[in-house]
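Right, one structure below, let's go through it.
The values are calculated or read from the model by the stated rules, or taken from the named source; none is laboratory data. Since this is a predicted model, take the numbers as computed values, not measurements. Glycine gets a Cβ as well: all are built from the backbone with ideal geometry, and neighbour counts include every protein chain shown. What goes into the accessible areas is simple: the full protein's heavy atoms, side chains included, and nothing from ligands, DNA or RNA. Shrake-Rupley method; radii C 1.70, N 1.55, O 1.52, S 1.80 Å.
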Amino acid sequence: MEWTSLNDLREKFLSFYQSKNHNRLGSFPLIPQDDNSLLLINSGMAPLKKYFMGQATMPGNRATTCQKCIRTPDIERVGITARHGTFFEMLGNFSFADYFKEEATTWAWEFLTEVLEIPKDLLYVTVYEDDDEAWDIWVNNRGVDPSHMKRMGKEDNFWEIGSGPCGPCSEIYFDRGEKYGCGKPTCGVGCDCDRYIEIWNLVFTQFVSDGKGHYEKMKKGNIDTGMGLERLACIMQGVDNMFEVDSIANVIKEVEKISGVKYKEDPKTDISVRVITDHVRSTVFMISDGVVPSNEGRGYVLRRLLRRAARHGRMIGIEGMFLNELCDTVIEESKSAYPELEENKDYIKKVILTEEERFNKTIDQGMSILSGLIDNIEKTATDVKDKILSGLEAFKLNDTFGFPFDLTKEILEEHGIGIDEEGFRARLKEQADRAREARKKNNNVSWADDLFQTLNVDATEFLGYEELITEGKVLAMAYNNEFVDAVSFEEEATEDQTVLVVMDKTPFYAEAGGQVADNGTIETQMGILDVVDCKKTHKGIYVHTCVVAKGFIKVGETVTAKVNAEKRRRTEANHSVAHLLQAALREVLGTHVHQSGSYVDSERCRFDFTHFSAVKPEELEKIENLVNGAIANALTVTTEVKSLDEAKKEGATALFGEKYGDEVRVVKMGEFSLELCGGTHVSNTAKIGLFKIVSESSVAAGVRRIEAVTGLGVLGLLKEKQELIDATAKGLKINNSNDIAVKAIQATDEIKTLQKENETLRAEIAQSRVSALNEKAVDVEGIKVFTAYFAGTGSDALRQMCFEIKENTENAVAVICGEQNGKVTIATGCGKIAISNGVKAGALAKEVSAVTGGSGGGKPDFAMAGVKDTTKVDEALSKVVEFVKSMIK
């Protein structure tokens, strides 16, 4: 066996299985497509579930991939050991009811022993204890020595997750040699030591489980294999762990160069080097696939990885931003297999830099506060069990200073301090509830698949690109979550009369790509159904959500489907303008702009895009003018289905992080816009009419949102603005709305003049009141105490009087109470001499207000407090002298 680079190993594997008539697929994006059960793709099989479940068909029923994967359950262990990592690549070959154990074992053995030339005497194989078929194939057909075979139980060699497809598996192990062993006589495959490591798992899916211990054999089995690329590279390169594999080791070398720290010289700094190396690899691939830093979901995973890497950079002496530069090495090492990394390089670096800058603004303050809390706990804790940070303090760090809870927990663990996680979670309950509700809404997208998965009909023929009225045959219906043959309603429609209808063909566009579903009607011989929604299942079946307005519908009858033409036309205009908008954004702001999300219906266009600052007014004007120019130029809009490679060569813009098939639909608008899109569009940009940006705002870190209207929507907006102008003119009592600006300036000047006069008057009143108070001041051990109550006096006047007293009398203490509009407020002020003698305004306000059941506080020289029981104001003021005496040093 020869030393082989990680990149060469990947290519050898994929080429090998390609030669065995497997479809060679590119890695699927890390963001799961049409699968809400996963946050991020974590295995080679995960993105292929629809093929294993029969929801889609793989050409030739064979495939091979090298899949990017992210796993974060053990994120706290990453760095501490060299075994753990969050990013890895999984090699795999798959059969969907095609070949089975014989071929799977033949090719696995051939690849390892002939292509890679791994000595057979270093390989060991395990099988499920009852899988005699696999044992015989390995021993008799592959020629594996029985002494290198081992039967293992269900826990180790049987793949099963609840009910559904399952089966035995066979694992191939590599013997690393005695120096990695434990020395025990029983040392062998399955031992906890590092000598025998699993390199390849072959799963033979041949049963369907009911989840209760009963297994039914499948007519045709499936093959699902997985082999970690990094682990295979360890074997072929003769290194101990993934951090020593060539492409990963090169990232470590760059960390060494940036930090000045030498790897493998200090176990403590080694941890940080490994954390940085692993996490920067994960973040580069996640961002390239469209993940954006945020405070929940996969965005939070990304943010956590970035911030953990940034903190460990500081721990080994790296000053300033460095992760965005380090990602250059990651991209260089992987771009041959993942060219999108190079294509998205500027964007990836910008996202990382922005997030690192944001974290640096919060970490110093957060670390300072956390350090103080740690010092306090270590000083006051009398027992180990008392060394706990409260959930409230952890919440404050997270909520107020943006200091991540996981980072707080990790730092505390380094100091041997626990954390009240339950208390912290309780503080986040409201946010968690909202997140759960959002997830429920997302999961509802798959409702049609759940109900119609077993429906044995062909995919629906969509005719909606060319036709808005189509005759079709009803193939299936569901009512109350059950299939029915007919539905009849004699009364007027209610919410309970919702029916799901499947036809052989339809003009209704199913919600996808940010475009809402069409609505309209389905007319039968004896009834009318209002179509309120339409969704497409994984199998390509269009499910129409209908309300039976009145009448009768049955399976098998021919019906007429009519799309609401006006709504479709306006939706198409808003969808087409989204394409023009993206092209204009990229021209004005730069090519780092990518679509991050969109929503288009008949009323508006909402477009989310990657950008790292608010779009300036002059930029918005330029973008708006470019789009309206494209509309005015009456560009012809054409659509064409072509190969993905051909579309990319032509420069078509693709949705960031989206996985496309071999053939794609390309929408072209003159020479202005070229995008991959499956939505419906106008035939000419002139049909859009007009375009007007309504708002520009922030959605998340590095993501902006533009909301806009087109055509009649612009006219509606103009009408709304004119009504506002007319109402404003009426309020300003002017006849000509053109004079609004002049009148508004005059009114503003008048208000400023009145405000100045009011301030002068308030100062004079305060001065006169203070002069009167001087005569009633009480001397308390050299401190002059002023107390008073004024009706009809608000907080501003109270503040003015307190400042007047403390500025003119340095040994003064003022406690003044005022009432305005039924609200009673206490203001306290202390001069410099009073403060130096121990009297603090904040503490005094707290004491005085407490007499009334209120609360408050503030700075040593001035504070304010509220009054709860107004009947106790006199009592509170009478105790001021007593409070002052108790405070004097």
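Calculate how steeply helix 345-380 sits against the longest principal axis of the alpha-carbon atoms of the chain, using the helix alpha-carbon long axis, and give the answer as 0 to 90 degrees to the nearest 10.
Helix 345-380 sits at roughly 60 degrees to that axis.
Using a probe of 1.4 angstrom, how much of the accessible area of the chain is carbon and sulfur, in percent?
On the way: 20160 of 42910 Å².
That fraction is 47 percent.
Rounded, prolate or oblate: which fits region 174-332 when a ≥ b ≥ c are the square roots of the eigenvalues of the alpha-carbon gyration tensor, with rounded for a/c under 1.5 and prolate only if a/b beats b/c?
Working: a/c = 2.55, a/b = 1.42, b/c = 1.80.
Oblate.
Distance between Cα centroids, region 67-146 to region 668-745: provide it in whole Å.
Each part's Cα centre sits 59 Å from the other's.
In the neighborhood of GLY842, defined by Cβ-to-Cβ distances under 14 Å, what is the net charge if each Lys or Arg adds +1 and each Asp or Glu adds -1? Show your work: numbers first, answer last.
Numbers: positive: LYS806, LYS840, LYS846, LYS859; negative: GLU847, ASP861.
That sum, taken over residues with Cβ under 14 Å, equals +2.
Work out Dmax and Rg for region 319-404 from the C-alpha atoms and quote the Rg first, both in angstrom.
Answer for region 319-404, Rg first and Dmax second: 19.3, 58 Å.
Please list 3J(HN,Hα) in residue order for region 127-142, calculated via the Karplus relation 6.51 cos²θ - 1.76 cosθ + 1.60 where θ = phi - 60°; whole Hz, with x for glycine and proline.
Per residue, the Karplus-derived 3J(HN,Hα) values read 9, 5, 4, 9, 8, 5, 4, 5, 4, 5, 4, 5, 6, 7, 9, 9 Hz.
Rolling a 1.4 angstrom probe over the protein chains, ignoring ligands and nucleic acids, what is the accessible area of ASP779 in square angstrom, nearest 10?
Counting only protein heavy atoms, ASP779 exposes about 110 Å² to solvent.
Rounded to whole Hz and in sequence order, give me ³J(HN,Hα) for region 694-707 from the Karplus expression 6.51 cos²θ - 1.76 cosθ + 1.60, θ = phi - 60°, writing x for Gly and Pro.
These are the phi-based 3J(HN,Hα) values: 8, 7, 9, 8, 8, 9, 7, 4, x, 10, 10, 10, 10, 10 Hz.
Out of these labelled values of volume of the Cα convex hull per residue in Å³, [x] 326; [y] 253; [z] 233, which was calculated from the coordinates shown here?
The value computed from this structure is option [y].
Order these peptides, 536-542, 464-470, 875-881, by their mean beta-carbon neighbour count within 10 angstrom, highest first. Kindly include the intermediate steps, with their values, before the conclusion.
Values: 536-542: 20.4, 464-470: 15.3, 875-881: 17.3.
Per-residue Cβ counts within 10 Å, averaged per peptide and sorted highest first, yield 536-542, 875-881, 464-470.
Go ahead and estimate [θ] at 222 nm for the chain from helices alone: -39,500 (n - 2.57) per DSSP H run with n ≥ 4, summed, over the residue count, rounded to 500. Display every interim value, and only then the final one.
Working: 27 runs with 347 residues, N = 889.
The helix-only estimate for the chain comes to -12500 deg cm²/dmol at 222 nm.
Taking each pair of distinct Cα atoms in region 169-210 once, what is the resulting Kirkwood hydrodynamic radius in Å?
Details: mean 1/r = 0.0841 Å⁻¹.
Radius from the Kirkwood sum: 11.9 Å.
Solvent-accessible area per residue for region 707-855 at a 1.4 Å probe radius, Å²?
Details: 8490 Å² over 149 residues.
For region 707-855, the solvent-accessible area averages 57 Å² per residue.
If the chain between GLU265 and ALA381 were fully stretched, how many nm would it gain, using 0.36 nm times the residue separation less the Cα-Cα distance?
Working: separation 116, 0.36 × 116 = 41.76 nm, distance 3.55 nm.
Taking GLU265 through ALA381 to full extension adds about 38.2 nm, to one decimal.
Could you state the accessible area per residue of region 1-78 in Å², with a 1.4 Å probe and every protein chain left in place? Kindly include the intermediate steps, with their values, before the conclusion.
Details: 3460 Å² over 78 residues.
Per residue, region 1-78 has an accessible area of 44 Å².
Grab the alpha carbons of region 104-210, take their convex hull, and tell me the volume per residue in Å³.
Working: hull volume 11.2 nm³, N = 107.
For region 104-210, the hull spanned by Cα atoms encloses 105 Å³ per residue.
Can you check how the C-alpha radius of gyration of region 59-129 compares to 2.2 N^0.38 Å, as a plain ratio? Could the numbers behind the result be given before it?
Numbers: Rg = 16.3 Å, N = 71, 2.2 N^0.38 = 11.1 Å.
Scaled against compact globular proteins, the figure is 1.47.
After finding the eigenvalues of the alpha carbon gyration tensor for region 249-354, what semi-axes result from the square roots of 5 times each, listed largest first in whole Å? Walk me through the numbers before you get to the answer.
On the way: eigenvalues 98, 52, 24 Å².
Sorted largest first and rounded, they come to 22, 16, 11 Å.
Can you list the aspartates and glutamates whose alpha carbon sits under 18 Å from that of LYS889, skipping same-chain ones fewer than 8 residues off?
Within the straight-line limit of under 18 Å, LYS889 reaches these aspartates and glutamates: ASP779, GLU781, GLU810, GLU847, ASP861.
Say R0 is 30 Å: what FRET efficiency, to the nearest 0.05, do GLN722 and ASP601 get from their beta-carbon distance? Before the final figure, lay out the partial values.
Details: r = 25 Å, r/R0 = 0.82.
Using R0 = 30 Å, I get an efficiency of 0.75.
Could you report region 223-284's accessible area per residue, 1.4 Å probe, as an integer in Å²?
Values: 2060 Å² over 62 residues.
For region 223-284, the per-residue accessible area is 33 Å².
Rounded to the nearest 10 degrees, what's the angle between the helix 617-632 long axis and the longest principal axis of the chain, both from Cα atoms, 0 to 90?
For 617-632 against the chain, the angle is about 50 degrees.
Over every pair of different alpha-carbon atoms in region 760-889, take the mean of 1/r and invert it; report that Kirkwood radius in Å.
Numbers: mean 1/r = 0.0713 Å⁻¹.
That comes to 14.0 Å for region 760-889.
Would you kindly find the accessible area of VAL532, with a 1.4 Å probe and non-protein molecules such as ligands, DNA and RNA excluded, rounding to the nearest 10 Å²?
90 Å²
What list of ³J(HN,Hα) values in whole Hz, one per residue of region 538-555 in order, does the Karplus curve 6.51 cos²θ - 1.76 cosθ + 1.60 (θ = phi - 60°) give from phi, with Gly and Pro shown as x?
Result, rounded to whole Hz: 4, 7, x, 8, 8, 10, 9, 8, 10, 10, 6, 4, 4, x, 9, 9, 9, 5.
Starting from the Kirkwood radius over alpha-carbon pairs of region 1-138, derive D by Stokes-Einstein at 37 °C in a medium of 0.692 mPa s and give it in µm² s⁻¹. Each step should come with its number before you reach the end.
Working: Rh = 17.1 Å.
My calculation gives 193 µm²/s for D.
Taking H placed 1.01 Å from N in the peptide plane, check which residues at least 5 places from ALA549 or on another chain put their amide H under 5 Å from its amide H.
Those qualifying (amide H under 5 Å, at least 5 residues apart or on another chain) are ILE528, LEU529, ASP530.
With a sphere of radius 15 Å drawn around the Cβ of ALA634, what net charge do the other residues whose Cβ falls strictly inside it have (Lys, Arg +1; Asp, Glu -1)?
Details: positive: LYS668, LYS687; negative: GLU671.
The answer is +1.
Rounded, prolate or oblate for region 507-586? Axes are the square roots of the Cα gyration tensor eigenvalues, ordered a ≥ b ≥ c, and the cut-off for rounded is a/c under 1.5. Mind showing how you got there, number by number?
Working: a/c = 3.69, a/b = 2.18, b/c = 1.69.
Prolate, since a/c reaches 1.5 and a/b exceeds b/c.
With Cβ to Cβ distances under 12 Å as the rule, what net charge do the other residues near VAL851 carry (K, R +1; D, E -1)? Before the final figure, lay out each step's value.
On the way: positive: LYS846, LYS868, LYS872, LYS879; negative: GLU847, ASP869, ASP874, GLU875, GLU882.
Local net charge: -1.
Compute the long axis of helix 841-851 from its Cα atoms, compare it with the longest principal axis of the Cα atoms of the chain, and write down the angle in degrees, 0 to 90, nearest 10.
90 degrees
Using alpha-carbon positions, what is the distance between the centroids of region 233-291 and region 521-561, in Å?
Using only Cα atoms, the two centres lie 57 Å from each other.
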